[in-house]
Each structure stands twice: as structure tokens, then as C-alpha cells.
Amino acid sequence: MRKAALHNLGCKVNSYETEAMQQLLENAGYEIVPFTEEADVYIINTCSVTNIADKKSRQMLHRAKKMNPGAVVVAAGCYVQAAGEELKKDEAVDLIVGNNKKTELVTILDDYFSDRENVVEETVIDIRGTREYESLSIDKIADHTRAFIKIQDGCNQFCSYCIIPYTRGQVRSRKAEEVVEEIKRLTATGFQEVVLTGIHLSSYGKDFPAEERITLLDLIIKIHEVEGLKRIRLGSLEPRIVTEEFAISLSKLTKICPHFHLSLQSGCDTTLKRMNRHYSAEEFYNCCNILRKAFPNPAITTDVIVGFPGETKEEFVMTKEYLEKVRFYEMHVFKYSKRNGTKAAEMTDQVQEFIKSERSSELLTLEKEMSLAYRKSYLGSKAEVLIEESYEINGIQYMIGHTREYVKVAVPYEEGLKGKILVGTLTEMLTDEVALLNIMGQI
């Protein structure tokens, strides 16, 4: 029996695909071992969102070959699409498997092992030319409380800083019946919550023929009908999908978690235009207000890039003041990283690194203050918490989980609580990030 080890880099979509590849290998008779152990095959599902991600992908490929020089090292995923020619010359890499070819992993390995003199150097397609959704699926996940479900691939937005449309291709959606069936299987094994994820989630269904057209909202309604499922959480949304009709419809679905990630990137319209984002700061603000009208105190999180080419001090100040006005629950703050192959990488007026660091530090301080204020706003109120794992705070053992708004909560440690949904009152902050639940019962 051959041993295989997998390592994932990048986003939740990549994580899902790595889980799916692992199950393909298991079904083919491979023994799965930790990546730190010696294996016959190492699969690295690479990321290429930034030049730093490219570097990490190369490092993991070389680390795998160093652990066992005789092993087959497989480079899979986005970095393969971005740098296939470079990888062909890399002596640490034996096989190259691009996006939309991961379902063929076992066959590719079989071919390689059957004739080492006739090595399959690469299996890469022109990802921008395909309209086929790659039908990967999962039946189990290590974490038996929350499952990430990939429902969509590709992106047609072409933001000026982003390489993903070139590595993932155009929008491709998964059939609704396949999504629902997978969720039914996972729910039957004990999962209480699913997180819908994709490269550009809001575009779900737009690639279907007119007579088969289905929207993200239509799919959510179908998923809501799955018996035994308690929670539906959404991945990152395009702000423009948030209309009053969309928000009100979601608010009527009891399984929907009022936790919405709307990717902003900048609060300055001139910066947004250079980024080729397709909304204004005011339009984004209106979307947040629509959600706050439809849901009581929803968690709204976002992404912000500082130091984008041409960002002046005045533009940054405008963004910071805008963030203070919107009041997010959490912000993921990124220093702009030049990505070769994108329009932004060719822009003049690249911002110096020390300025990016200063601006990032300012926004992280603001993020911490806003995040704590949001968590404290729930003290004294009733909450439902899905318990996930044990956790130590100040030398005391607790079980922790998240509310429907994704506020982290702790309860006194007790065997058998993992996977349970507890209800109670949030009484105090144990740390700046964790609230304490006074348990009243169990759902």
C-alpha cells in the first residue's frame, strides 16, 4: 500500500479540493499520512494569489522532495496554472496537475507508476477556455461540526490586483442537486453547519443556460430544506448581490447565520476605480444598511487592502474614516502585494513598504477596537453556540464554539459537548476574543 501526504495552501476552496483529493486517494487504496512523515506521494495544492503565495508553494514542493527524494511530488492547483512552464524545469516536481484536472489525480499517478520512462510531466488545460465545473465531492471531513461546501469556481470580475481569473478561469457553477445531495450525506454523518464557498460566490448560476437559470438565493432555499441541518453560513459575497429582496428573503430562513462577509478593499472611490471594483463606497454602505435593517445586529466582516498603487495619504484617511462609519465586526487587513501578471503590478506610484506597514498597523488597531465592541454588544443577550473543540484560557479548560454571528464563546469543559448546540446568556468577556456562556439548555 502506497502512502500519500497532502498539504493545502490558500483559500477555503482549495481546502475543499484537498479534502476531495484525499478521499479519491483513500478510495484508491492509498494510506494517508501526515505531511511531516515519509510518504511515497506528496500532493501540494498550491496557491498563487500573491507572489508570496507563489514562494510558499515552491518552498513546500522542495520541502516534500527533501523529506523523501524518491517520492513522487505533485504540484496541483493555482500556482500550476500561473507558472506551469517554470514548474516543468523544477527538479523537485514530478507531476503537474492543473485546476479542473484534480478529479484525474489517481489515474495520473497510476500512469506515472506504470511507466517511469514515460512520465506524464503535466496535466494542465487552458482554464480560461473551459465552461465545465469540476465535479469533486466529499463524504467526510475531519471536523464534524462545520463543513465547507464548494458550489462555484472561477471569476469574471478581473480586479486589477488579482490573478485568480487567470488561474481559475471563468465562472462555473455546480448543479444544485449535487450540492444538496452532498449536504444531505454530510448532515447524516453529524454535521450541523455548512459554509457555502466559491471563488466568486455571488456569481453562482449565472453560467447556466437561461432555461436552467438558478440564483444563489434559489440554491440557499433548496439547502434550507435539508432535514437535520441547523445552520447555513455564507462565504464572501459581492456587495451588489445585497438587495432588499435578497436580504429580506434570507431573513425569513431560520437556518441562515446573520454573518456576512462583504469584500470592500477600499473606502475611497478613486482607489476602488483603480482596483476595477464595480461599486462605490456609498453603494457598499447602503448594502450594509440593508442587512442591518433585515437582521438584528448582524455580523458584517470585510477585507481591506492598504498601500494599493497610487494610494495617497488623503485616500487612506478617507478609507479609515469610512471604516469607522461602517463599523465592521472584523476586518482582514492586507498590505498590497504586487502580483506579476496583473494590471496593478504595472502601475506607477507603487507605495513604499514602510508606509504600507504603518497604514496596516493603524487599521489593525481600529479592527481590534471595533471587533471587541461588537462582541461586547452581545453581553447579557441570549445566544446559540455550536461547540467545536477544547480550549485553555488562563490555565482553565473550556469548550469553545461560535454563535450564529460567529462570535467565539466558551463554556465550562465537559466531555461529549463537541457538535452540540447550546443556548444560554453571554455573561462576560474571558478575553478580548472569547465570551462566556451561561448555559440554559441544548438544542
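Quick notes on this one:
- Considering region 172-216, the residues that are closer than 27 Å to HIS278 by Cβ and in a helix (DSSP H, G or I) include one that is most open to solvent (accessible area, probe 1.4 Å), namely GLU212.
- Helices (runs of 4 or more DSSP H) enclosed by region 1-93 - at least 3 residues per element that are among the basic types (Lys, Arg): 51-67
Residues are listed down the side, and each one gets a yes or a no for (1) open to solvent by less than 60 Å² (accessible area, probe 1.4 Å); (2) in contact with a Lys or Arg (Cβ under 6 Å, 6 or more places away or on another chain):
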{"position": "ALA299", "(1), (2)": "yes, no"}
{"position": "VAL306", "(1), (2)": "yes, yes"}
{"position": "GLU311", "(1), (2)": "yes, no"}
{"position": "GLU330", "(1), (2)": "yes, no"}
{"position": "GLU346", "(1), (2)": "no, no"}
{"position": "ASP349", "(1), (2)": "no, no"}
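- Condition check for GLY419: within 16 Å of GLN192 (Cα to Cα), open to solvent by less than 50 Å² (accessible area, probe 1.4 Å) and either of a type in the set (S, T, N, Q) or not in a strand (DSSP E or B) (or both): yes
- Of all the listed residues (LYS150, LYS175, LYS140), the sole one being within 23 Å of ARG404 (Cβ to Cβ) and among the charged types (D, E, K, R) is LYS150.
- Of all residues making up region 249-270, the number that are assigned to a loop (DSSP other than H, G, I, E, B) and over 21 Å from the mean Cα position of the chain (by Cα): 5
- Restricting GLU31, GLU26 to those that are touching a strand residue (DSSP E or B) at 6+ places or on another chain (Cβ under 7 Å), in contact (Cβ under 8 Å) with a residue 12 or more places away in the chain, of a type in the set (Asp, Glu) and surrounded by fewer than 22 Cβ atoms within 10 Å (Cβ to Cβ) reduces the list to GLU31.
- For region 149-171, filtered to residues that are assigned to a loop (DSSP other than H, G, I, E, B) and out of contact with any Gly (no Cβ under 7 Å at 6 or more places or on another chain), the residue that is nearest to VAL49 (Cα to Cα) is CYS162.
- Selection status of TYR285, open to solvent by less than 30 Å² (accessible area, probe 1.4 Å) and under 25 Å from the mean Cα position of the chain (by Cα): no
- Looking at ALA294, ALA344, ALA299, just one residue is touching a Ser or Thr at 6+ places or on another chain (Cβ under 8 Å), small (Gly, Ala, Ser) and closer than 30 Å to ALA383 by Cα, and that residue is ALA294.
- Some residue of region 238-254 being of a type in the set (S, T, N, Q), over 24 Å from THR403 (Cα atoms) and either surrounded by fewer than 22 Cβ atoms within 10 Å (Cβ to Cβ) or in contact with a Leu (Cβ under 9 Å, 6 or more places away or on another chain) (or both): yes
The values are calculated or read from the model by the stated rules, or taken from the named source; none is laboratory data. Model, not experiment: these values are computed from the prediction. Note that each Cβ is placed from the backbone with ideal geometry, even for glycine, and that neighbours are counted across all protein chains shown. Side chains included, ligands, DNA and RNA excluded: accessible areas come from the protein's heavy atoms. Shrake-Rupley method; radii C 1.70, N 1.55, O 1.52, S 1.80 Å.
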